[in-house]
Amino acid sequence: IIYKTGDIGVMRANGELMFKGRRDRQIKHLGHRVELDEIERAACRTEGVAECCVLYDREKETICLFYTGTASVRELSLSLRQTLPGFMIPRKMKQLEAMPKLPNGKTDMNTLRNYLKGEIAMREKLMAILEELRPDVDFENEKQLITDGILESFDIVALVGEISDAFD
């Protein structure tokens, strides 16, 4: 008996099925099955969003939304919170000037994945600088930095110098 589950596999010579991936864009995130296309449809219904693409970073377990249009990240986030459950709200949202396209007109997801990898690498480099500067602070908790006023002007001057050196 074979059921249409969306899974793609191949039959090995010994009769075993080997899982290769999925035909759809369904992921498992925070214990829930999530259709990335559903998030895209919700985002595209937001006023000021022209195009969008949602990717899942398995390593960081993060839903990422890239979009074009005039809507701010805040406006888009508020709109999505009205229509989607919390576990489906993308943790990263990036507004682009233009969506990268393949010659056939489809969205170039590999370019977006590469963009995401570059952004993650830059973030990790910045985190290393911050942790060296202030080892007593949990920099993953970004709200703590703002609400508790952890970074003082002395730290910021040192941070700017370190960042300048790291990215020259």
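State which residue is nearest to residue 61 (Cα to Cα) when the search covers only the range 89-112 and only residues that are at pLDDT below 90 and among the hydrophobic types (A, V, I, L, M, F, W, C).
Among residues in the range 89-112 that are at pLDDT below 90 and among the hydrophobic types (A, V, I, L, M, F, W, C), the one nearest to residue 61 (Cα to Cα) is 109.
Here are some residues: 43, 98, 71. Which one is outside any helix (DSSP H, G or I), out of contact with any Gly (no Cβ under 9 Å at 6 or more places or on another chain) and over 18 Å from residue 29 (Cα atoms)?
Answer to the selection: 98.
Output yes when any residue across the range 18-32 is touching a Leu at 6+ places or on another chain (Cβ under 6 Å) and either basic (Lys, Arg) or loosely packed, with under 15 Cβ neighbours inside 10 Å (or both), and no when none is.
Yes: one or more hits.
Within the range 25-45, is there a residue that is polar (S, T, N, Q), modelled with pLDDT under 90 and more than 14 Å from the chain's Cα centre (by Cα)?
Yes, the range 25-45 has at least one match.
So the check is Cβ under 8 Å with 6+ separation or different chains; which pairs have a first residue in the range 90-102 that's open to solvent by 70 Å² or more (accessible area, probe 1.4 Å) and a second one that's at pLDDT below 90 and among the small types (Gly, Ala, Ser)?
none
Just one of the numbered conditions (1) in a loop (DSSP other than H, G, I, E, B); (2) surrounded by fewer than 16 Cβ atoms within 10 Å (Cβ to Cβ); (3) in contact with a strand residue (DSSP E or B) (Cβ under 8 Å, 6 or more places away or on another chain) is not true of residue 105; which one?
Failed condition: (3).
Consider the range 30-75. How many of its residues are more than 20 Å from residue 100 (Cα to Cα) and of a type in the set (A, V, I, L, M, F, W, C)? Can you show your working first?
Let us first name the residues in the range 30-75 that are more than 20 Å from residue 100 (Cα to Cα), namely 30-35, 38, 42, 45-47, 58-62, 74-75.
Filter again for of a type in the set (A, V, I, L, M, F, W, C), leaving 30, 34, 42.
Summing the residues that are more than 20 Å from residue 100 (Cα to Cα) and of a type in the set (A, V, I, L, M, F, W, C) in the range 30-75 gives 3.
Any idea which residue in the range 46-68 is surrounded by the most Cβ atoms within 10 Å (Cβ to Cβ), counting only those that are in contact (Cβ under 8 Å) with a residue 60 or more places away in the chain and assigned to a strand (DSSP E or B)?
55
Given the criteria at negative phi, in contact with a strand residue (DSSP E or B) (Cβ under 7 Å, 6 or more places away or on another chain) and exposed (fewer than 12 other Cβ atoms within 10 Å of the Cβ), does residue 87 qualify?
Considered against the rule, which asks whether it is at negative phi, in contact with a strand residue (DSSP E or B) (Cβ under 7 Å, 6 or more places away or on another chain) and exposed (fewer than 12 other Cβ atoms within 10 Å of the Cβ), residue 87 comes out as yes.
The values are calculated or read from the model by the stated rules, or taken from the named source; none is laboratory data. Computed from a predicted model, the values in this text were never measured in an experiment. Neighbour counts run over all protein chains shown; Cβ positions are idealised from the backbone, glycine included. Heavy atoms of the whole protein, side chains included, go into the accessibility calculation; ligands, DNA and RNA do not. Shrake-Rupley method; radii C 1.70, N 1.55, O 1.52, S 1.80 Å.
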